[in-house]
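Below is one structure, written out as structure tokens; comments come after it.
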Protein chains: 2
Amino acid sequence: MLKIGILGGGQLGRMLLQAAANYPVETFVLENDNECPAAHLCHHFTKGDIKNFDDVYAFGKGLDAITIEIETVNTEALEKLEAEGIKVYPKPSVIKTIRNKILQKQFYKENEIPTSAFIVTQTLDELKEHIGYLPAVHKIGVGGYDGRGVQVIKTTDDIEKGFNAPSVLEKMVTIKKEIAQIVAINEKGETALYPAVDMIFDPDLNLLDYQVSPADLPEKTLWKIEAISLAVVKALKSPGIFAVELFVDDQGDVYVNETAPRVHNSGHHTIEANYSSQFDMLWRVMLNYPLGNTDHIIPAAIVNLLGAEGFSGEAVYEGLNDVLQIENVFVHIYGKKETRPGRKMGHVTILSKEKQELTHQANRIKNTLRVTSHPTK
Amino acid sequence: MLKIGILGGGQLGRMLLQAAANYPVETFVLENDNECPAAHLCHHFTKGDIKNFDDVYAFGKGLDAITIEIETVNTEALEKLEAEGIKVYPKPSVIKTIRNKILQKQFYKENEIPTSAFIVTQTLDELKEHIGYLPAVHKIGVGGYDGRGVQVIKTTDDIEKGFNAPSVLEKMVTIKKEIAQIVAINEKGETALYPAVDMIFDPDLNLLDYQVSPADLPEKTLWKIEAISLAVVKALKSPGIFAVELFVDDQGDVYVNETAPRVHNSGHHTIEANYSSQFDMLWRVMLNYPLGNTDHIIPAAIVNLLGAEGFSGEAVYEGLNDVLQIENVFVHIYGKKETRPGRKMGHVTILSKEKQELTHQANRIKNTLRVTSHPTK
């Protein structure tokens with residue numbers, strides 16, 4: 001039985017471990033928090049820092065393979081483990097490229113992947129020299145996550161919001177749609193593409209609001225999305241699961257926004273809606289099984305459940321009973337003890353053959369389910 | 001967050017815990033074996049004997065609710081826990097009735113549930129006085145499980161196979177079909193019925209061979225099955241999940257064979273094929289959520305994966321790669337370290353809109369996947 005470890009014990013680890021229980025595999029998790037969402041679902045939990053060389057190296061030493069839940073891990077330790085024959089999904093070199101937004105953009109350019117025009121800025125003063133580039137999006141090179149580290153700079157009035165650190169300034173694209181394309185690739189280089197997903201964002205939090213699968217786009221655009229996503233994944237030269245996020249503009253042109261080298265929020269519906277979920281698929285890749293069937297069984301929508309504004313502390317799920325009364329709905333609560341405004345606390349999947357029903361129920365759920373907290377005593 | 005315990009840590013516990021991770025619930029398992037299939041998937045594992053009063057009582061004392069994976073548990077401890085306000089699913093009184101095949105048959109009779117004619121025998125000598133009752137099935141009152149404790153007595157030649165212990169002798173019914181009907185019932189007495197399932201048995205092992213959902217039967221017969229199953233569950237007067245196994249004879253008459261007061265092998269396809277799986281449903285009952293939607297999303301078949309004859313020891317899964325190559329197939333390996341002939345080691349679910357495809361793939365999988373063992377060193 002292979003021994004496989006996960007760096008990080010959040011909801012992605014949790015759902016990976018739910019899927020792992022279908023296969024003969026011994027599971028390990030490294031995370032700082034004994035009570036993290038994935039801690040109780042693995043065979044062996046290790047308390048430690050995924051950013052610390054010694055912790056990651058000691059954790060990985062006896063394993064057959066290792067994967068990540070988040071990019072902010074100690075890649076030096078992963079490189080040493082990889083050199084010693086432990087498989088790492090994705091390769092540490094890919095994590096290093098992707099988690100630095102400057103390197104990621106340069107990677108697209110070098111590989112002729114369509115992406116919005118950009119320049120690199122080192123300081124806030126340097127940003128001010130590029131007023132002609134506006135409107136644009138300023139993204140910090142290192143350390144941004146879940147909407148942090150991204151600023152929209154529409155006019156010179158916004159320029160002070162920019163980062164005084166190495167960043168990319170991306171020319172604004174007229175976005176008609178945001179699309180996620182999940183791709184699996186195994187050791188042999190075989191690939192499997194999930195149906196593309198329409199992503200609808202909350203403009204305030206820059207967090208996924210809800211998504212619909214499959215995406216409603218002309219076939220020609222879907223082909224472009226698939227071809228470009230495959231080009232990204234092949235250029236990365238690493239087995240694993242990748243979520244390529246793309247923009248489609250008014251002309252039907254497609255641009256890569258960014259890529260996550262791991263299971264991703266935009267693929268959560270695949271648990272119920274597709275034959276092989278993204279979590280199942282990553283185990284297939286790591287256990288050297290054939291790639292799964294990415295076809296959808298039935299169309300789906302997902303609503304993210306975020307901690308409500310103004311509430312911090314022990315989580316309370318309001319409206320859960322009402323949502324569980326809806327017939328074609330699946331609730332996933334991540335088991336985080338504490339809620340905070342905007343924190344990802346769970347998601348809800350809706351299945352229906354009718355697209356209109358998906359949107360209707362997604363909105364209904366958004367207005368029904370709230371994560372608040374117990375009043376502080 | 002409610003604290004809920006499971007007595008028994010086998011595959012049913014394992015699949016219950018996979019489903020539990022979608023909800024806010026703190027999980028506990030009691031089992032004799034640290035490495036049992038469910039041990040690593042709960043928040044708190046306790047090593048102990050589910051048949052021992054002290055172990056069960058100590059385990060259940062601090063919990064909000066408790067459920068079972070198997071009927072051979074210490075019901076005296078459960079009754080004491082129940083008296084102290086801990087919810088038990090199903091009620092201990094139900095476990096006591098059902099796990100004794102004599103009491104179970106008498107229960108059907110008292111409640112006017114159609115079931116095959118029977119007499120109770122106390123000894124083998126007493127059995128021999130009832131030759132006129134043959135052909136019949138002799139079932140030991142206490143201790144039978146998974147095909148053990150059942151003997152077919154066709155003629156007087158078979159009579160020595162009977163049990164020299166309190167047993168029921170059931171008149172043989174001309175079975176056209178064996179059907180399983182899973183029913184959920186909550187605290188309020190609300191019920192939900194899954195589509196009935198066709199069960200096909202291996203005549204040698206008396207273990208479920210494969211099953212197809214929904215069952216292929218005239219509507220009138222399905223109504224009878226539902227009405228009778230509902231009558232069983234209502235007469236048991238306990239919330240929980242129940243699998244009612246029934247015979248349909250050539251005339252379309254329906255008889256209850258036996259009932260399991262818990263999640264059951266005949267409902268494993270509901271994980272992928274129905275909106276709310278039987279595992280999800282039991283959590284809904286125990287967490288006081290609304291009952292789930294039992295509708296099937298797509299028809300399904302299940303093949304049980306049993307330990308191959310002639311192999312005992314550390315399990316090896318032959319043909320797993322071939323089976324995982326089939327597009328509409330889901331594999332569930334239970335993570336039991338040791339295989340034995342006939343031991344339930346896993347199951348495979350096949351989804352397809354075409355019934356013929358289900359049967360075809362079920363047979364293909366039966367002939368492809370085998371659980372053997374490493375040669376003894």
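The values are calculated or read from the model by the stated rules, or taken from the named source; none is laboratory data. Source: prediction; values computed, not measured. Glycine gets a Cβ as well: all are built from the backbone with ideal geometry, and neighbour counts include every protein chain shown.
Step by step: first the residues of the range B:299-327, then only those that are within 11 Å of chain A (Cβ to nearest Cβ), crowded, with 20+ Cβ neighbours inside 10 Å and not small (G, A, S), then the one that is farthest from B:L41 (Cα to Cα). Which residue is that?
Restricting to residues being within 11 Å of chain A (Cβ to nearest Cβ), crowded, with 20+ Cβ neighbours inside 10 Å and not small (G, A, S), the top hit is B:V323.
Tell me the residue from A:I333, A:I350 that is within 14 Å of chain B (Cβ to nearest Cβ), over 25 Å from B:K3 (Cβ atoms) and without any contact (Cβ under 8 Å) to a residue 60 or more places away in the chain, please.
Working: A:I333 fails: over 25 Å from B:K3 (Cβ atoms).
Only one candidate qualifies: A:I350.
Let me confirm something: among A:E190, A:E126, which residue is more than 18 Å from the chain's Cα centre (by Cα) and crowded, with 16+ Cβ neighbours inside 10 Å? Walk me through it before giving the result.
On the way: A:E190 fails: crowded, with 16+ Cβ neighbours inside 10 Å.
Just a single option satisfies the conditions, and that option is A:E126.
Quick check on my filter: what residues within the range B:60-79 are more than 24 Å from B:N186 (Cβ to Cβ) and buried (at least 17 other Cβ atoms within 10 Å of the Cβ)?
The answer is B:N74, B:A77.
Kindly indicate the residue of the range A:345-377 that is out of contact with any Pro (no Cβ under 7 Å at 6 or more places or on another chain) and among the charged types (D, E, K, R) and also farthest from A:G313 (Cα to Cα) among those meeting that condition.
The selected residue is A:E354.
Can you give me the ranges of the strands (runs of 3 or more DSSP E) entirely in the range B:294-377 with at least 2 residues that are touching a Leu at 6+ places or on another chain (Cβ under 6 Å) and under 22 Å from B:A243 (Cα atoms)?
Where strands (runs of 3 or more DSSP E) fall fully within the range B:294-377 and carry at least 2 residues being touching a Leu at 6+ places or on another chain (Cβ under 6 Å) and under 22 Å from B:A243 (Cα atoms), they are B:300-306, B:344-351.
Tell me, which strands (runs of 3 or more DSSP E) lie completely within the range A:1-111 with 3 or more residues that are of a type outside the set (A, V, I, L, M, F, W, C) and at pLDDT below 95? Even if it seems obvious, please write down each step before you answer.
Working: elements: A:2-7, A:25-31, A:44-47, A:65-68, A:87-89.
So the answer is none; nothing clears 3.
List the strands (runs of 3 or more DSSP E) that sit entirely inside the range B:147-234 and contain at least 2 residues that are in contact with a His (Cβ under 6 Å, 6 or more places away or on another chain) and not hydroxyl-bearing (S, T, Y).
Working: elements: B:150-153, B:167-171, B:175-185, B:191-193, B:197-202, B:207-213.
Ranges flagged: B:150-153.
Quick one: count up the residues across the range B:1-16 that are at the interface with another protein chain (Cβ under 9 Å from one of its Cβ atoms), surrounded by 24 or more Cβ atoms within 10 Å (Cβ to Cβ), in contact with a Gly (Cβ under 9 Å, 6 or more places away or on another chain) and among the aliphatic types (A, V, I, L, M).
Step one: filter the range B:1-16 for residues at the interface with another protein chain (Cβ under 9 Å from one of its Cβ atoms), giving B:1, B:14-15.
From the residues that got through so far, the ones that are surrounded by 24 or more Cβ atoms within 10 Å (Cβ to Cβ) too are B:14-15.
This time we only want the ones that are in contact with a Gly (Cβ under 9 Å, 6 or more places away or on another chain), so: B:14.
Retained after the next criterion (residues that are among the aliphatic types (A, V, I, L, M)): none.
Total satisfying the criteria: 0.
Which one is farthest from the other protein chains (Cβ to nearest Cβ) among residues in the range A:22-35 that are surrounded by 24 or more Cβ atoms within 10 Å (Cβ to Cβ) and of a type in the set (A, V, I, L, M, F, W, C)? Please lay out each step first, then the result.
Residues of the range A:22-35 surrounded by 24 or more Cβ atoms within 10 Å (Cβ to Cβ): A:23, A:27, A:29-31.
After this cut, where a residue has to be of a type in the set (A, V, I, L, M, F, W, C) as well, the list is A:29-30.
Values: A:V29: 11, A:L30: 16 Å.
By that ranking, first place goes to A:L30.
Is there a residue being part of a loop (DSSP other than H, G, I, E, B), modelled with pLDDT of 95 or more, within 16 Å of the chain's Cα centre (by Cα) and not aliphatic (A, V, I, L, M) anywhere in the range A:249-261? Break it down into steps so the answer makes sense when it comes.
So the first thing to find is which residues in the range A:249-261 are part of a loop (DSSP other than H, G, I, E, B), and the list is A:250-253, A:261.
Now restrict to residues that are modelled with pLDDT of 95 or more: A:253, A:261.
Okay, now just the ones that are also within 16 Å of the chain's Cα centre (by Cα), so A:261.
If we keep only those that are not aliphatic (A, V, I, L, M) too, we end up with A:261.
Checked the range A:249-261: at least one residue is part of a loop (DSSP other than H, G, I, E, B), modelled with pLDDT of 95 or more, within 16 Å of the chain's Cα centre (by Cα) and not aliphatic (A, V, I, L, M).
Out of the residues in the range B:277-293 that are touching an Asp or Glu at 6+ places or on another chain (Cβ under 9 Å) and assigned to a loop (DSSP other than H, G, I, E, B), which is surrounded by the fewest Cβ atoms within 10 Å (Cβ to Cβ)?
So in the range B:277-293, the residues touching an Asp or Glu at 6+ places or on another chain (Cβ under 9 Å) come out as B:285-286, B:288, B:290-293.
Okay, now just the ones that are also assigned to a loop (DSSP other than H, G, I, E, B), so B:288, B:290-293.
Numbers: B:N288: 14, B:P290: 18, B:L291: 18, B:G292: 26, B:N293: 20.
So the residue we want is B:N288.
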